[in-house]
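The values are calculated or read from the model by the stated rules, or taken from the named source; none is laboratory data. Keep in mind that this is a model prediction, so the values were computed, not measured. Cβ sites come from the backbone with ideal geometry, for glycine too, and all protein chains shown count toward neighbours. All accessible areas refer to the heavy atoms of the entire protein, side chains included, with ligands and DNA or RNA removed. Shrake-Rupley method; radii C 1.70, N 1.55, O 1.52, S 1.80 Å.
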Amino acid sequence: LEADAYVVVVDNEDGKILSKYDCPKVVGDDLPLLYRMEIEDKDYQLNKNIRAFGIRFYYTMHSRINPYYVTKLSLFVYENNLLKRILCEYPVSEYMGEVYDQDVCMSWYLSLDSDIMTDENEKDEFRDLIIEEVLTHGYDCDEKKIFDNQRLIYNGKEYGFKEKNLYQLLLDLE
């Protein structure tokens, strides 16, 4: 089963659809499974006149032994009667681990949590996005945290990024 999601801008007065955006294949044949979408209530002021709004996509693999969750954020702007996506499913939160016989101290996990905000400095088109990340690795009831920041720059079409691989980050920690 594959399915698309549609983000729609609607006139509050008469319910007329002003614009829509097709997010293709947010539900696919393989795991993880999309279980929720929600509008983010955070304000992304990209320049003096344009604000972006976010849609969060929540995915999971329902495994008690190897849990996995990821939340991805897409940002949209409504400009000149057109809705366009400017950030495509950036992973703002991700969690994976392994549970050994319900013994928490024998288990391990890795989580990545991000907070995204707009840079205060004006740009020609859109401000940069500043991402503050916390990577947490837990093993045998011990926990390490690594803090990192990155900057996403608008290239005239979207904010591009290279998706992180949590397994590689785990190897880099050791």
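Filtering region 3-30 to residues that are in a strand (DSSP E or B), at pLDDT 80 or above and either closer than 20 Å to Tyr159 by Cα or open to solvent by 40 Å² or more (accessible area, probe 1.4 Å) (or both) leaves Tyr6, Val7, Val8, Val10, Ile17, Leu18, Lys20, Tyr21, Asp22.
Number of residues in region 116-139 that are within 20 Å of Tyr95 (Cα to Cα) and open to solvent by less than 70 Å² (accessible area, probe 1.4 Å) equals 8. Checking each residue of region 52-64 against the condition of being farther than 21 Å from Gln168 by Cβ and basic (Lys, Arg) gives at least one match.
Inclusion of Leu83 among residues that are surrounded by 13 or more Cβ atoms within 10 Å (Cβ to Cβ), of a type outside the set (Ser, Thr, Tyr) and more than 16 Å from Leu112 (Cα to Cα) is warranted. Candidates in region 54-80 are the residues that are within 13 Å of the chain's Cα centre (by Cα) and basic (Lys, Arg); of these, the one that is surrounded by the most Cβ atoms within 10 Å (Cβ to Cβ) is Lys72. Could you please let me know if Leu135 is touching a helix residue (DSSP H, G or I) at 6+ places or on another chain (Cβ under 8 Å) and in a strand (DSSP E or B)? Judged against the criteria, Leu135 is a match. In this structure, is Leu33 over 21 Å from Leu82 (Cα atoms), surrounded by 12 or more Cβ atoms within 10 Å (Cβ to Cβ) and either of a type in the set (A, V, I, L, M, F, W, C) or at pLDDT 90 or above (or both)? Taking the combined requirement at face value, the residue satisfies it.
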